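**Q** Shown below is the structure under consideration.
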Amino acid sequence: MYPLILCSLLSWAVVLERLWSYRRLGRDLKGFHLEALNSLLRGERDGLANLCHRNANLPTAHLLLVALERLNAKDERLRMRWQEAVERRRQLLNQELRQNLWILGTIGSASPFIGLFGTVVGILSSFQEMARSGSGGFNVVAAGISESLIATAAGIVVAVIAVMAFNAFQTRWSSLVLMLRVHTEELVEMLQDTKSDPSPSSAYERQPHVS
């Protein structure tokens, strides 16, 4: 029972941590995305960089910092491959968002076997006690067997909670990954437009002069 109690406490700690983290992350990503879009529409690169530094814990902010760092690099090869760098970093962030979910999956798979092992140990102890006492019959081992079955029941309960939480957080993780991808693609498009759009003066200079 002690390993099952430990697994139960650990699973609930992960559930509460992921629940709070995912809820806060979803809300903060939406707010940051709107502010970042406004900065890009106004053409304020410095303001966008300051916004990213203030929200450095957000995945989108981290990706924008990677993009701005590449765009401001002195090496032309780094500037040309800035979109690839952003995409690679986004893939790494997707995996970071799954932090601690493996614990729920492991507990959900292992808890029934831990409970079953406890039951087997309890039954063996009951038969050993019967052998030492020299008496037999079901009445002698019934109490020990009924107590040992509690371990199996506890293991199933812990496993059900862990598996349900794992599936729920897996769905939430997929939703956050999709949101991060959509936001990143939109911001990259805006950065590409601001990078390629000519300034009004340069556009005027390239127009043919008609005498």
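**Q** Within the stretch 39-98, take every residue that is of a type in the set (A, V, I, L, M) and not in a helix (DSSP H, G or I) and give me the one that is nearest to residue 169 (Cα to Cα).
**A** Going through the qualifying residues, I end up with 97.
**Q** May I ask you to verify whether residue 12 is surrounded by 13 or more Cβ atoms within 10 Å (Cβ to Cβ), within 30 Å of residue 121 (Cβ to Cβ) and aromatic (Phe, Trp, Tyr)?
**A** yes
**Q** Within the stretch 51-67, can one find any residue that is free of Cβ contacts under 8 Å to residues at least 24 places away in the same chain, over 20 Å from residue 94 (Cα atoms) and of a type in the set (Gly, Ala, Ser)?
**A** no
Since every read-out is calculated from the coordinates, none of them should be taken as a lab result. Remember, it's a predicted structure, so these values are computed and weren't measured experimentally. Here Cβ is always computed from backbone atoms with ideal geometry, including for glycine, and neighbour counts include all displayed protein chains.
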